[in-house]
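Here the structure is laid out as structure tokens; the discussion comes afterwards.
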Amino acid sequence: MGGAAQVLPRRARDRRAVLSAQLPLVFVTVGTDYHPFDRMSRFIDGWRESGGSEVARCFVQTGTSAVPKLAEHRQYLGHEEMDAMVREAAVVVCHGGPGTIMLAATMGKRPIVVPRRKAAGEHVDDHQHAFTRRIAADGAIILAESESDFRGYLSGVLHTNGGEPLPPRL
């Protein structure tokens, strides 16, 4: 299966959502920083609970963060697995790390980016905010700084639930 089998859950009953070819894949990655990014899992669960589970499959690379209750997940992925997930994804959602953003860009994806916040204990400082605001101004990413923005942009990218108009790509 071209490496995809390595990221699938072991039990068949847990693979149904990931293997459903009927729905597009939303791939979410929080990176490998040791700070938890629990807010991302809450955003995903909230979106899925409000109808997202009916319009897309979702796989979350969680790192040290709380695991989502309503999405397939795994703590870490190898490089080849990350590449495969980004390549397959209809939508990539990620933290504000340049490596992840560049990986998405090299595969022709414009990611929805939720930068980590120092005040929430998600990183050592707010460098992700400065970086993502700058590249969002150039149209390279879709910057979601709130849960409302996140849900609206994700729905917009998937063309569902009257999603928000996307920021222009300049």
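The numbers here are math on the coordinates, done by the rules we state, and not lab data. Note that this is a predicted model, so its numbers are computed, not measured. Note that we place each Cβ from the backbone using ideal geometry, even for glycine, and neighbour counts take in every protein chain shown.
Applying 0.36 nm per residue to the separation of Q22 and E147 and subtracting their alpha-carbon distance, the gain on full extension is 42.4 nm. Which FRET efficiency, nearest 0.05, do V124 and S50 yield, Cβ-Cβ r, R0 30 Å? Working from the Cβ atoms, E equals 0.40.
A Förster distance of 41 Å, applied to the separation of the beta-carbon atoms of T32 and A137, puts the FRET efficiency at 0.95. Compared with the alpha-carbon gap, the fully stretched path from T64 to H79 is longer by 3.6 nm at 0.36 nm per residue. Each residue of the stretch 140-147 is assigned a 3J(HN,Hα), and the resulting list reads 6, 9, 9, 8, 10, 9, 9, 5 Hz, derived from the Karplus form 6.51 cos²θ - 1.76 cosθ + 1.60 (θ = phi - 60°), x at Gly and Pro.
For the stretch 67-146, just say rounded, prolate or oblate: build the C-alpha gyration tensor, square-root its eigenvalues into a ≥ b ≥ c, call rounded for a/c under 1.5, and beyond that prolate if a/b exceeds b/c, oblate if not.
Numbers: a/c = 1.82, a/b = 1.19, b/c = 1.53.
Because a/c hits 1.5 or more and a/b fails to exceed b/c, the stretch 67-146 counts as oblate.
I need the chymotrypsin sites (Phe, Trp or Tyr not before Pro) found in the stretch 54-163, filtered to DSSP loop residues with at most 15 other beta carbons within 10 Å of theirs.
Working: sites: F59, Y76, F131, F150, Y153; in loops: Y76.
Answer in residue order: Y76.
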